Structure formats: C-alpha cells, structure tokens
1. Let me cross-check TYR97: its accessible surface, 1.4 Å probe, with only protein heavy atoms counted, in Å² to the nearest 10?
2. With labels modelled as points extended 7 Å from the Cα through the Cβ direction, what inter-label distance (nm, one decimal) is found for GLN87 paired with GLN63?
3. If each residue of separation counts as 0.36 nm, what is the full-extension length gain between MET1 and ILE32 once their alpha-carbon separation is subtracted?
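The values are calculated or read from the model by the stated rules, or taken from the named source; none is laboratory data. Only a predicted model underlies this, so the values are computations on that prediction, with no experimental measurement involved. Note that each Cβ is placed from the backbone with ideal geometry, even for glycine, and that neighbours are counted across all protein chains shown. Surface accessibility is based on the protein's heavy atoms, side chains included, excluding ligands, DNA and RNA. Shrake-Rupley method; radii C 1.70, N 1.55, O 1.52, S 1.80 Å.
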Amino acid sequence: MKKHSIDAYLVSRNDPHMCERIPPSEERLRYISSFTGTNGFAVITLDKALLWTDGRYYIQAPQELEKGWEMMKLEINLPKWDEWCAQNLKENAVIGYNPALIPGKRIETASKVVG
C-alpha cells in the first residue's frame, strides 16, 4: 500500500456478477480475513483491518477473523465503512478497490461522504 500511495483498500465479498453464493476462487474476503459469512465488507489501512457485517454474523465473525481484525456492526446508528473512512482517513485519501467487484454507485456515494 505504501509503495502505491494507497491509504485504504476495500474488499467486498462480491464476485463480478454480485452473487450471494460465490465459488471458492472468488472468496477474496475469506482469503484475506478468514471470515466465511455471506455478508461482509472490509476496509484495510496500514494499521487497521475492519470488517462490516450484519447481525447474522455478530457471533461468527469475531471467532473467525484473523488476529488484528476488528468486526464492525452494520447498524443504523453506527458508522458504515464510508463514514468510518471520512472520520479516520486524511482528507483526499487514496482508496483502492477492484471496480469489477464494488459497484460504481457505491463508490460514488462513498466519495461524497469521504470528500
């Protein structure tokens, strides 16, 4: 990340077709975090590894996540990943992601929040 001046990198559980059930070869989030649930979104910085997931996985995620990862709850009154980025990353931070796996609309919305 330092080499490419990336402040944060996003990893979703999606495959290019946005399917809920994905083949093992598409399990990027599982590979990087060990989380096996079907709902998850990660923000990775040089000093943080955060996974957002919903209530179905509030018990499972902390048990599966690799050491150093933190589970973030997807709740109405808690910050979502884009809000966390806006609060914790420097202004005009460079956020890397795979555009084939994260819909452009989601990034556009996040850009408005992050700045």
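1. For TYR97, solvent-accessible area is about 80 Å².
2. Between GLN87 and GLN63, the simple spin-label model gives 2.8 nm.
3. Extra length available between MET1 and ILE32 comes to 9.7 nm.
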